[in-house]
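Here is the structure we will look at.
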Amino acid sequence: MMKLLLLSFISERDVSTLLVSSESKMAKDMVRANTEEAVSLGAFGAPSFYVQNAPRPFQKPFLLFGSDRFEQLAYILNLKWHGVARQLLHKSKL
């Protein structure tokens, strides 16, 4: 399933390299360390975004959770929100 999903975005050779690399001790250690850091910052699911050094009025770091927060994240970072990527919409079977 993962290989089919990845093939929608990158070449088969790159998918194979990625899948083999994901089994390495280094990759697993990085996932473990990143997960521990995320939990220490208050993350409880994915996607979670820890925002710090944001422009005013956001003076303290804070956590955003959920894919329904992408528009808020774009606003906070002063980026234009374009919604869901149109190129992904036509591939969906939903």
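So what's the net charge close to residue 54: Lys and Arg +1, Asp and Glu -1, counting the other residues with Cβ under 14 Å from its Cβ? Its environment carries a net charge of +3.
Using a Förster distance of 41 Å, how high is the FRET efficiency between residue 12 and residue 44, based on the Cβ-Cβ distance and rounded to 0.05?
The calculated FRET efficiency here is 0.70.
Using the Cβ-Cβ distance between residue 30 and residue 56 with R0 = 35 Å, the FRET efficiency computed as 1/(1 + (r/R0)^6) comes to roughly 0.55.
Applying both filters, DSSP loop and at most 13 other Cβ atoms within 10 Å, to the GluC sites (Glu not before Pro) of region 14-86 gives 23.
We did not get these values from a lab; they are worked out from the coordinates using the rules stated. In this text, all values refer to a predicted model and were calculated from it rather than measured experimentally. FYI the Cβ positions are ideal-geometry reconstructions off the backbone, even for glycines, and counts take in every protein chain you see.
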